[in-house]
1. Exactly one condition in (1) crowded, with 22+ Cβ neighbours inside 10 Å; (2) outside any strand (DSSP E or B) is false for ALA189; which is it?
2. When you scan the stretch 262-269, do you find a residue that is at pLDDT below 95, in contact with a Ser or Thr (Cβ under 6 Å, 6 or more places away or on another chain) and on the phi < 0 side of the Ramachandran plot, even just one?
3. Can you tell me which of ALA656, ALA650, ALA610 is small (Gly, Ala, Ser) and farther than 16 Å from LEU552 by Cβ?
4. Which of the numbered conditions does CYS515 fail, given that it passes all the others? Conditions: (1) at pLDDT 90 or above; (2) in the same structural domain as ARG426 (by TED's automatic domain parsing).
5. Return yes or no: is GLU245 closer than 24 Å to LEU182 by Cβ, without any contact (Cβ under 8 Å) to a residue 24 or more places away in the chain and either outside any strand (DSSP E or B) or among the charged types (D, E, K, R) (or both)?
6. Given the condition surrounded by fewer than 15 Cβ atoms within 10 Å (Cβ to Cβ) and among the β-branched types (Val, Ile, Thr), answer yes or no: does some residue in the stretch 645-667 qualify?
7. Any residue that is of a type in the set (D, E, K, R) and buried (at least 20 other Cβ atoms within 10 Å of the Cβ) - is there at least one of those in the stretch 413-425?
Amino acid sequence: MKLFVTCPKGIEQLLEQELVELGATETRQTVAGVGCDVELVDAYRICLWSRLANRVLLPLVDAEAADAEQLYRVVQEVDWLEHLRPSGTFVVDFSGRSEAIVNTHFGALKVKDAIVDQIRTATGKRPIVERQAPDLRINAHLAKGRITVALDLSGDSLHRRGYRRQAGAAPMKENLAAAVLLRAGWPQASADWPVVLDPMCGSGTLLIEAALMAADIAPGLFRRQFGFSYWLGHRPALWEPLLAEAQERRRRGLESAGVRYLGFDADPKVLERARENARMAGVADRVGFTQADLAKLRRPEDAPAGLLITNPPYGERLGEESELMFLYRLFGQLLRQHFSGWRVGVFTGNPELCKVMKLRADKQYRLFNGALPVQLLMFDVHAREPQDEAAAPPLSAQAEMFENRLRKNLKQLAKWVKREEISAYRVYDADIPEYAVAVDYYDGLLMVQEYAPPASVDRVKAFSRLQDVVAVVQRVFELTPEQVVLKQRKRQQGDEQYTRQGETGHFFSVLEHGCRLRVNLHDYLDTGLFLDHRPVRHMIQQQAAGKSFLNLFCYTAAASVHAAVGGARATTSVDMSATYLDWARRNLDLNGADPKQHLLIQEDCFKWLARPQKQKFDLIFMDPPTFSNSKRMREVLDVQRDHVRLIRAAMQLLSADGLLIFSNNFRRFVLDYEALSDYQVRDITARTIDPDFKRNGRIHCCFEIRHKG
């Protein structure tokens with residue numbers, strides 16, 4: 001028999017070696033697969049024992065298929081009654097395309113029709129298409145005008161072992177984990193490595209695969225059904241002895257003295273999944289999972305040598321890289337301090353991050369995680385040179401310049417902050433080009449927002465400057481690392497503003513002109529409070545007494561809080577995010593506002609403004625986003641294009657002597673005075689910039705708009 005065995009791209013060489021060990025001959029590597037010659041018993045053995053394969057395909061026909069009719073005829077060249085019962089079930093997996101067949105669903109339909117028609121003509125019965133656990137899975141691949149039709153002897157992809165019922169947010173496929181372990185030298189070196197440790201283990205796939213390999217447990221033992229189980233060519237007399245042998249090898253492997261497997265992760269929820277996965281794999285007594293932050297990583301006292309293998313986060317979303325560099329730097333420090341004599345493997349899609357670990361990789365392997373290029377970097381950790389790594393290195397001349405500017409800014413703002421009674425403000429905003437960050441103080445915590453460096457800037461050099469920033473702000477404000485939150489500024493699109501980034505639940509309140517406002521520096525892209533709009537909120541507070549107030553695109557309704565504290569008769573706040581409206585409700589409650597007088601409406605402001613409203617408002621604040629293509633909105637919002645329509649709609653709700661305050665943060669915004677000539681418009685931007693934003697006078701623009709006459 002000739003087989004074609006598929007695998008993740010990048011591990012073809014490993015798969016070829018494995019197939020030879022399992023009995024294959026005449027092996028032929030190609031992209032994402034290996035062809036080989038086998039006996040039927042070898043095909044069974046591959047399905048049962050391969051740790052690297054995805055699918056084991058038995059080709060039945062390979063011929064030209066210029067169009068749909070020729071495809072139909074080629075499929076009918078196979079005698080399907082040799083493979084499938086007349087009343088059996090099957091499914092067709094179709095891939096590829098040609099000029100005549102451009103739709104995979106159509107291609108699969110033609111293959112299905114050819115099979116059904118042949119069997120119905122011969123027997124009067126017809127097989128049924130069944131996607132879940134079919135008797136026969138048929139693989140059809142169309143490329144360069146040729147169709148290959150094969151039986152899938154594996155059934156479901158072999159990477160799905162069956163022990164992993166749940167995984168984390170970015171799961172690593174089991175066969176890719178096995179490939180990483182093989183490249184790291186496992187399990188051949190298991191006698192030299194009594195401990196395998198993963199400090200960022202997630203759902204535990206690397207550790208569980210390592211335990212299965214060392215205990216000689218066939219990955220196919222967890223499967224209830226293979227693709228050949230109901231195939232008419234199946235020979236149970238060949239299969240059952242292989243299965244019995246694998247079960248006996250598992251028994252002996254589990255009885256032998258084993259290696260210890262240690263997994264750590266900060267997320268307790270993902271560790272529960274890891275424990276369940278280990279239990280399903282039958283290795284729960286060998287793999288221990290502990291909740292712990294990376295900073296607490298230490299070498300086991302009784303393990304002078306071992307394998308540390310991990311798949312740390314590598315920043316697929318824009319804005320994560322700088323924060324992750326601190327994690328990788330910490331990781332490198334801990335390895336040098338505590339893991340001398342260990343072998344370390346880091347599997348990452350961003351090898352640039354590894355540069356800050358200050359360890360030299362002696363081997364690098366290129367792999368793919370799906371379509372994403374990744375690398376496995378292998379290190380030997382040597383005894384560190386006698387030096388105190390905990391001691392802070394002296395600041396560079398540039399870093400000292402940054403520190404001086406920060407202290408100067410604080411001194412200039414001190415009297416103003418005390419007089420205005422505010423506890424959240426900006427203390428630095430890219431004053432020095434080399435340190436392109438914004439530093440905001442939030443009542444004892446700092447948020448450092450890095451302006452993303454251009455692609456031409458060396459990322460490690462940019463990170464070095466960011467290290468300077470973090471070191472300086474900790475020293476100037478006398479804060480611990482946990483009190484400094486690092487983010488990277490980026491343009492928000494779609495629902496990104498509303499997307500939770502974490503789950504720390506770290507809410508606290510800050511003071512602003514007598515108002516208490518909830519903020520969260522960790523869990524969202526924004527903190528819940530736009531500091532630059534502080535003067536506008538204060539203006540609303542001063543003018544709100546006895547008035548009805550409307551807050552459009554209200555976000556967390558900080559402006560509504562100011563209006564309520566200022567004595568507004570009633571407020572109405574409109575936003576499409578339930579998350580932020582709940583935040584708004586808590587802000588109002590925090591300031592003793594009566595819920596009956598302060599209405600919160602979850603709706604797209606475009607839709608709400610388009611409907612007739614029963615009341616007029618004395619004071620309206622509208623601060624739309626620069627751009628939004630959120631799926632929650634009926635149409636895309638572009639503030640430059642849409643501001644006239646928004647303002648006109650809001651003015652329909654403004655009382656005759658009322659005031660609309662219109663603001664936005666688009667730096668190139670130009671108000672269309674001509675289109676709004678029916679109204680009295682005044683640019684008040686200069687009045688709405690507080691001292692902490694004076695250096696950045698175009699942080700926002702703001703206008704007062706009234707009815708004429």
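The values are calculated or read from the model by the stated rules, or taken from the named source; none is laboratory data. None of these values were measured; they are calculated from a predicted model. As a convention, Cβ positions derive from the backbone with ideal geometry for all residues, glycine included, and neighbour counts pool all protein chains shown.
1. (1)
2. Looking for residues that are at pLDDT below 95, in contact with a Ser or Thr (Cβ under 6 Å, 6 or more places away or on another chain) and on the phi < 0 side of the Ramachandran plot, one finds none in the stretch 262-269, hence no.
3. Details: ALA650 fails: farther than 16 Å from LEU552 by Cβ; ALA610 fails: farther than 16 Å from LEU552 by Cβ.
Selected residue: ALA656, the only one of ALA656, ALA650, ALA610 that is small (Gly, Ala, Ser) and farther than 16 Å from LEU552 by Cβ.
4. (2)
5. Values: closer than 24 Å to LEU182 by Cβ: yes; without any contact (Cβ under 8 Å) to a residue 24 or more places away in the chain: yes; either outside any strand (DSSP E or B) or among the charged types (D, E, K, R) (or both): yes.
Yes; evaluated as a whole, the condition is true for this residue.
6. No, there is no match, as no residue in the stretch 645-667 is surrounded by fewer than 15 Cβ atoms within 10 Å (Cβ to Cβ) and among the β-branched types (Val, Ile, Thr).
7. Taking every residue of the stretch 413-425 in turn, none turns out to be of a type in the set (D, E, K, R) and buried (at least 20 other Cβ atoms within 10 Å of the Cβ).
Here is a yes/no grid of residues against (1) farther than 28 Å from ASN103 by Cβ; (2) in contact with a Pro (Cβ under 8 Å, 6 or more places away or on another chain); (3) crowded, with 24+ Cβ neighbours inside 10 Å; (4) not polar (S, T, N, Q):
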site: ILE128; (1), (2), (3), (4): no, no, no, yes
site: PRO134; (1), (2), (3), (4): no, no, no, yes
site: LEU142; (1), (2), (3), (4): no, no, no, yes
site: GLY145; (1), (2), (3), (4): no, no, no, yes
site: SER154; (1), (2), (3), (4): no, no, yes, no
site: PRO171; (1), (2), (3), (4): yes, no, no, yes
site: LEU176; (1), (2), (3), (4): yes, yes, yes, yes
